Protein chains: 2
Amino acid sequence: MDMSKPAIAVIGCGLIGESWSALFLAHGYEVHAWDPDVQVRGRLAERLQRPLAQLATLYPKNTVPGRLRVHDTLAEAVARADLVQENAPERVPLKRALYSEIEGVTPSSAIIASSSSAFTWSQLSTEMHTPGRLITAHPFNPPHLVPLVELYGVDPEALGRADAIYRDIHRETVRLKKEAIGHIANRLASALWREAVHLVAEGIADVTDIDAALVNGPGLRWSVIGAHMVYHLAGGEGGIEHYLDHLGPSQERRWEALGSPRLTQEVCAQLIAGIAEEAAGRSVAELERARDARLIRMIQARRDEV
Amino acid sequence: MDMSKPAIAVIGCGLIGESWSALFLAHGYEVHAWDPDVQVRGRLAERLQRPLAQLATLYPKNTVPGRLRVHDTLAEAVARADLVQENAPERVPLKRALYSEIEGVTPSSAIIASSSSAFTWSQLSTEMHTPGRLITAHPFNPPHLVPLVELYGVDPEALGRADAIYRDIHRETVRLKKEAIGHIANRLASALWREAVHLVAEGIADVTDIDAALVNGPGLRWSVIGAHMVYHLAGGEGGIEHYLDHLGPSQERRWEALGSPRLTQEVCAQLIAGIAEEAAGRSVAELERARDARLIRMIQARRDEV
């Protein structure tokens, strides 16, 4: 363990807390973990074995392991933290109460970072005495593999310190200039899924074919270049300016033709039947293992730049 | 060249025709190419060098090269074709006229496959005597690297034969059950980009950060699993059924909160400025080379399954 690294508190040790713990440990950090459920925190060290093994594959040069300390109280876990990563269930009153408690027992310089997917900084910070210490730092599932962390906060100094820590553990951070429910990535994902559901609801294609089209088409391409940059390259020599001049109107027409499905019983039944066909007997755990193995290879391939 | 392979005619030798030609040649097919522009067809062999070199990297086992024959007339190019891949500019009258001409001079068993992105089979087939021979076979840019081909047609036998040829050249085909403007992939891409433009228009994030969020988050994940399957895994043990029961309503609320931007002058100016920042001085050609190099590595990594 590298004692010069900031000390991390991980509060809430479900799937997201487990991922954060593994990431910090794999990069030589001291992790102080706490969960209100004594069984959940008791099994954390054991549950970390799989993500830690995956991270050892991804970051073979990290030879100085961190140290995990599981605490019996929240106050102990955060007492000497530089960064508190909060991964409580998505309930606003619960999170607000946690921050009030943490504020009183952690160093005044400690950053409190919420992994919240569903709520914004403004919704979470209202009852804090020192709201500048709160930031949202939203990871993307599975968080120990997918590098994205979306940041929002009001104190540039706190944001800068947190950003440096996340980059040190190989996260790719982005900044929101204005907060938004769903941050950036889940809004994009939600917009795409709406159309994917529309295609099923309208009988245009099967779930399996829609997923295959995404994985072998735009998804593959978006693992390499972003959606805006795609249209810059689509404009040829003239770039995005040429594209917008010549094809902007046809994009607007296409937007108007996109669907607005509802998740009715019938549509849900189609989605469930379609997934059963695509899963072809593989369990969720098997599908997750396959996803993780592929993700690890993709991340390695992307990193091996010439 | 493998003489047992179907003969391919590539009609229209712009970027898409160039990619198709390279793909078929790299897999040992005889390609009969024609373009109405004598300069375009004259330079085809030279332009094929770059995509052929990229394909040699991707498919090192393909040691029997195909043969390119560039013809001076459409009739000659299609005279002995088993599959005619049409890549004319996106103008319906032009394409309809082409099909009428091709129908008269190609074997009656030949499949006529349109690469059209903008139009549907119904729009394209109206003036044909034998419309069952027409299929839409839409590739995804850059088509010699991105494996997706989206198929629609009305004759299952023709579709099946075309599908087998595309799979032989390492394309991943999907079938539309009902035709739709934009097929599957461009509808999904369009839906996502609408929200990406909304985030810029609302000042929530910069173009660079939105692209980075996509590439390091959902884009990376969608190169590995599809959008529907994501929600199956998000449901844990209970899968998609559990997800829809518990989080379906919150997805519907999120859909309602998505944006409906317009490509106003102001929004276009923001997009152009944002791309300039993201491109950071790199030309479109440089950005394309970087994209292709990364795509090749990603495709290799995905293929190297354990």
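Return the only residue of B:PRO139, B:PRO107 being under 23 Å from B:ALA7 (Cα atoms) and within 15 Å of the chain's Cα centre (by Cα).
Values: B:PRO107 fails: within 15 Å of the chain's Cα centre (by Cα).
Of the residues listed, the single one that is under 23 Å from B:ALA7 (Cα atoms) and within 15 Å of the chain's Cα centre (by Cα) is B:PRO139.
Just give me the residues in region A:193-204 being outside any loop (DSSP other than H, G, I, E, B), at the interface with chain B (Cβ under 7 Å from one of its Cβ atoms) and aliphatic (A, V, I, L, M), in sequence order. Don't jump to the end; show me each part of the working.
Initial filter on region A:193-204 (outside any loop (DSSP other than H, G, I, E, B)): A:193-201.
So of that shortlist, the ones also at the interface with chain B (Cβ under 7 Å from one of its Cβ atoms) come out as A:193-196, A:199.
Once the filter is applied, which keeps residues that are outside any loop (DSSP other than H, G, I, E, B), at the interface with chain B (Cβ under 7 Å from one of its Cβ atoms) and aliphatic (A, V, I, L, M), region A:193-204 yields A:ALA196, A:LEU199.
Restricting attention to region A:297-305, does a residue exist that is surrounded by fewer than 18 Cβ atoms within 10 Å (Cβ to Cβ), at pLDDT below 95 and more than 7 Å from chain B (Cβ to nearest Cβ)? Looking through region A:297-305, at least one residue is surrounded by fewer than 18 Cβ atoms within 10 Å (Cβ to Cβ), at pLDDT below 95 and more than 7 Å from chain B (Cβ to nearest Cβ).
From the list B:ILE165, B:ILE169, the one residue that fits, being in the same structural domain as B:GLY104 (by TED's automatic domain parsing), crowded, with 17+ Cβ neighbours inside 10 Å and touching a helix residue (DSSP H, G or I) at 6+ places or on another chain (Cβ under 7 Å), is B:ILE169.
Candidates are the residues of region B:151-192 that are of a type in the set (A, V, I, L, M), more than 7 Å from every other protein chain (Cβ to nearest Cβ) and in a loop (DSSP other than H, G, I, E, B); the one that is nearest to A:ILE204 (Cα to Cα) is B:VAL154.
Condition test on B:ALA118, is it in a helix (DSSP H, G or I), of a type in the set (Gly, Ala, Ser) and farther than 21 Å from B:ARG161 by Cα? When the stated conditions are applied, B:ALA118 does not pass them.
For A:GLU237, the requirement of being in contact with a strand residue (DSSP E or B) (Cβ under 7 Å, 6 or more places away or on another chain) and surrounded by fewer than 23 Cβ atoms within 10 Å (Cβ to Cβ) is not met. Among the residues of region B:206-222, is there at least one that is in contact (Cβ under 8 Å) with a residue 40 or more places away in the chain and either assigned to a loop (DSSP other than H, G, I, E, B) or on the phi > 0 side of the Ramachandran plot (or both)? Yes: one or more hits. The requirement of being of a type in the set (Val, Ile, Thr), touching a helix residue (DSSP H, G or I) at 6+ places or on another chain (Cβ under 9 Å) and either over 30 Å from B:PRO156 (Cβ atoms) or assigned by TED's automatic domain parsing to the domain that holds B:PHE140 (or both) is fulfilled somewhere in region B:80-90, by at least one residue.
Consider A:GLN265 carefully, then state whether it is more than 7 Å from chain B (Cβ to nearest Cβ) and farther than 24 Å from A:ARG297 by Cβ. Explain how you work it out, then say what you get.
Values: more than 7 Å from chain B (Cβ to nearest Cβ): yes; farther than 24 Å from A:ARG297 by Cβ: yes.
Answer is yes for this residue.
Looking across region B:223-236 at every residue that is facing chain A (nearest Cβ under 7 Å) and not in a helix (DSSP H, G or I), the one that is nearest to the chain's Cα centre (by Cα) is identified as B:SER223.
Taking the conditions (1) over 25 Å from A:GLU101 (Cα atoms); (2) under 14 Å from the mean Cα position of the chain (by Cα) in turn, A:LEU192 satisfies each one other than (2).
Taking the options A:VAL215, A:VAL207, name whichever one is modelled with pLDDT of 95 or more, within 23 Å of the chain's Cα centre (by Cα), under 24 Å from B:THR173 (Cα atoms) and facing chain B (nearest Cβ under 7 Å). First the steps, then the outcome.
Numbers: A:VAL207 fails: within 23 Å of the chain's Cα centre (by Cα).
Answer to the selection: A:VAL215.
Looking only at strands (runs of 3 or more DSSP E) that lie completely in region A:1-103, which have at least 1 residues being among the acidic types (Asp, Glu)? If you could, list the steps in order and put the result at the bottom.
Working: elements: A:8-11, A:30-34, A:67-70, A:83-86.
It comes to A:30-34, A:83-86.
So which of B:ARG282, B:ARG254 ends up being more than 30 Å from B:ARG171 (Cα to Cα) and in contact with a helix residue (DSSP H, G or I) (Cβ under 6 Å, 6 or more places away or on another chain)? Steps first, please.
On the way: B:ARG282 fails: in contact with a helix residue (DSSP H, G or I) (Cβ under 6 Å, 6 or more places away or on another chain).
That would be B:ARG254, the only listed residue that is more than 30 Å from B:ARG171 (Cα to Cα) and in contact with a helix residue (DSSP H, G or I) (Cβ under 6 Å, 6 or more places away or on another chain).
If you check A:PRO139, A:PRO131, A:PRO156 for being of a type outside the set (S, T, N, Q) and either within 19 Å of B:ALA196 (Cα to Cα) or touching a strand residue (DSSP E or B) at 6+ places or on another chain (Cβ under 8 Å) (or both), only one passes: A:PRO139. Among the conditions (1) small (Gly, Ala, Ser); (2) touching a helix residue (DSSP H, G or I) at 6+ places or on another chain (Cβ under 6 Å); (3) in a helix (DSSP H, G or I), the only one that B:GLY248 does not satisfy is (2). Checking each residue in region B:171-220 for being acidic (Asp, Glu) and more than 25 Å from B:GLU150 (Cα to Cα) picks out B:GLU202, B:ASP206, B:ASP209, B:ASP211. State whether the residues of region B:180-203 include one that is surrounded by fewer than 17 Cβ atoms within 10 Å (Cβ to Cβ), touching a residue at least 60 places away in the same chain (Cβ under 8 Å) and of a type outside the set (Gly, Ala, Ser). Checked against the condition, which is being surrounded by fewer than 17 Cβ atoms within 10 Å (Cβ to Cβ), touching a residue at least 60 places away in the same chain (Cβ under 8 Å) and of a type outside the set (Gly, Ala, Ser), region B:180-203 yields at least one hit. Taking the numbered list (1) more than 7 Å from chain A (Cβ to nearest Cβ); (2) at pLDDT 95 or above in turn, B:LEU247 passes all entries but (2). As a summary of the residue check, B:LEU151 satisfies the conditions (1) without any contact (Cβ under 8 Å) to a residue 24 or more places away in the chain; (2) within 30 Å of B:LYS5 (Cβ to Cβ) except for the one numbered (1). Whether any residue in region B:273-296 is farther than 30 Å from A:TYR243 by Cβ, without any contact (Cβ under 8 Å) to a residue 24 or more places away in the chain, more than 9 Å from every other protein chain (Cβ to nearest Cβ) and in a helix (DSSP H, G or I) is what I want to check. For region B:273-296, residues farther than 30 Å from A:TYR243 by Cβ, without any contact (Cβ under 8 Å) to a residue 24 or more places away in the chain, more than 9 Å from every other protein chain (Cβ to nearest Cβ) and in a helix (DSSP H, G or I): absent. Just to verify a result, which residue in region B:35-85, among those that are polar (S, T, N, Q) and within 22 Å of the chain's Cα centre (by Cα), is surrounded by the fewest Cβ atoms within 10 Å (Cβ to Cβ)? Taking the candidates together, the pick is B:GLN49.
The values are calculated or read from the model by the stated rules, or taken from the named source; none is laboratory data. It should be emphasised that the depicted structure is a prediction, and the values quoted were computed from it without experimental measurement. Positions of Cβ are backbone-derived with ideal geometry, glycine not excepted, and every protein chain shown enters the neighbour counts.
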